[in-house]
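Below is one structure; the comments refer to it alone.
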Ligand code: ATP
Ligand code: MG
């Protein structure tokens, strides 16, 4: 098979491909971008594989960055873009189920394609558009089958992360796991315990937000992989409930975690520990901790101004959108409007500051200042007070109490 025209994203890398070839090396487009082009999906990064060794790649281009030189990856910087150029390699003797003991650079494309995870990820495209298909990846692409390259038992035993990758590809692409590939995942699911949470997290999020999450999650549960993921050992049913939420692909990571936490029915004080176990960022944890109670609230009633104010515009919109997964119609324009018309958008908008209170109220400096400001803030947002200095000072005088 041959691509009639190279996609634009590939054309941008043609000068790099030509330079490598003219120096006597082989060069191919490989990996996810080839798969996605053949599926007519948008592509993100273009990966190039070459027979040139890293030092040879570096000598051929003016601007390069060592991004993973030990693994053979050199980033080549052109005026328009950057491309990862990786030397053909094999990976030998995996002893700990996760990282190859050593990476060996080789001159053979076949060896390089052989170490890749799935047949649909083991295709290469030459500079003239020829598709090199040594493992029948094209048939699997056509039949929507996800199949390990070679013996699946060996491949998952070598690198257990591939099991999570398989499940996330099911969710992203809507492909079916080939029987033996599934059986091997089931057999080795406990090896996931050997993989770092950070790496599982990346694949798990892709699994949650894929367009075919129902299928991906069903396989995640059926293969029992979930039992070796943080905080999910007993969560089979909750995961299937999550899978059954109807609606389009979940747009963002924080929305996915919010829905998952909802279905796990975690208590408020269990949310942060769960997400910490997953090594989520502090920002994400902060957002989800706000979104979960907000969504529970919104499922039952309209926003009130105080709840909306506390959430902020972005989180409120993000939360409102999630109603659709519970069969309710989100009303984003209304959220925007109500938010826009709030009397305040932050404490900075309040017509008095702490220094004003200190001046007007004869109390020594203390926590009462902040407490009074918060009291005024809520009263203004709930329209019990006007945001005018006089009115606020008067209210502050009756509220402020010296702190013991
Ligand atoms: P995405 O579109 O999400 O980037 P991808 O297939 O490009 O998907 P990458 O992690 O970018 O995934 O990896 C690029 C390629 O490297 C894969 O297509 C596959 O050929 C190979 N690969 C990546 N991870 C593994 C692995 N754990 N074992 C074997 N091959 C892998
Ligand atoms: Mg990729």
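Derivation of every value follows stated rules applied to the coordinates shown; laboratory data play no part. Since the model is a prediction, treat every value here as computed from it, not as a measurement. Cβ coordinates were reconstructed from backbone atoms using ideal geometry, including for glycine residues, and neighbour counts include every protein chain displayed.
Can you compute the FRET efficiency between residue 92 and residue 240 using 1/(1 + (r/R0)^6), with r the Cβ-Cβ distance and R0 = 45 Å? Round to the nearest 0.05. Mind dumping the intermediate values first?
On the way: r = 40 Å, r/R0 = 0.88.
So, using R0 = 45 Å, E works out to roughly 0.70.
Annotation: extensible slack from residue 197 through residue 224 equals 8.1 nm (criterion: 0.36 nm per residue apart, minus Cα-Cα distance).
Report note on the peptides 303-315, 266-278: ranked by the mean count of other C-beta atoms within 10 Å, highest first, their order is 303-315, 266-278. Each Cα pair under 8 Å and six or more residues apart adds its sequence gap; the mean of these over the residue count of the chain is a relative contact order of 9 percent.
Return an integer: the convex hull volume of the alpha-carbon atoms of region 347-400, in Å³ per residue. Intermediate results must be reported in sequence, preceding the final value.
Working: hull volume 3.5 nm³, N = 54.
Output value, Cα hull per residue: 65 Å³.
Hey, how much of the P(r) for region 32-98 falls beyond 17 Å, as a percent of Cα pairs?
Working: 1127 of 2211 pairs.
That tail contains 51 percent of the Cα-Cα pairs.
Principal axis analysis of the Cα atoms in region 117-264 yields extents of 50, 31, 25 Å, listed in decreasing size. Potential lengthening of the chain between residue 375 and residue 138 amounts to 78.8 nm, from the contour at 0.36 nm per residue minus the alpha-carbon distance. Under conditions of 37 °C and 0.692 mPa s, the chain yields 132 µm² s⁻¹ as its translational diffusion coefficient, taking Rh as the Kirkwood radius over Cα pairs in the Stokes-Einstein equation.
What is the Rg over Rh value, at two decimals, for region 202-250, using alpha-carbon atoms and the Kirkwood definition of Rh? Here the Rg-to-Rh quotient is 0.93.
Rank-order 167-177, 2-12 by packing density, defined as the average count of other C-beta atoms within 10 Å over each peptide's residues, highest first. Write down the numbers at each step before the final one.
Values: 167-177: 22.8, 2-12: 13.6.
Output ranking for 167-177, 2-12: 167-177, 2-12.
Hey, in the GNM for the chain with a 10 angstrom Cα cutoff, which one of 117, 36, 349 fluctuates hardest? Most flexible of the set in this elastic network: 349. Working from the pairwise distances between different alpha carbons, so that the mean of 1/r is found and then inverted, what is region 8-141's Kirkwood radius in Å? Across region 8-141, the inverse of the average 1/r is 15.1 Å. Annotation: for a label point projected 7 angstrom from Cα along Cα→Cβ of residue 190, residues of region 147-169 with backbone N closer than 18 Å are 153-154, 156-161, 163-164.
Contact order, relative form, for region 1-136: 27 percent (alpha carbon pairs under 8 Å, 6 or more residues apart, mean separation divided by residue count).
So between residue 329 and residue 157, what do we pick up on full extension, going 0.36 nm a residue minus the alpha carbon distance?
Values: separation 172, 0.36 × 172 = 61.92 nm, distance 4.56 nm.
Gain in length upon complete extension: 57.4 nm.
Just the projected area, averaged over all directions, of the convex hull on the alpha carbon atoms of region 74-173: how many nm²?
On the way: hull surface 31.1 nm².
Average of the hull's projected areas for region 74-173 equals 7.8 nm².
For region 291-332, taking Cα atoms only, Rg and Dmax work out to 9.1, 25 Å respectively.
Just to check, using Stokes-Einstein with a Kirkwood Rh over alpha carbon pairs, what's the diffusion coefficient of region 247-304 at 10 °C and 1.306 mPa s in µm²/s? Don't skip to the end; give the middle numbers.
Details: Rh = 11.8 Å.
Here the translational diffusion coefficient equals 135 µm²/s.
Rounded to two decimals, what is Rg over Rh for region 250-404 when you use alpha-carbon atoms and the Kirkwood radius?
Working: Rg = 18.6 Å, Rh = 17.5 Å.
Answer for region 250-404: 1.06.
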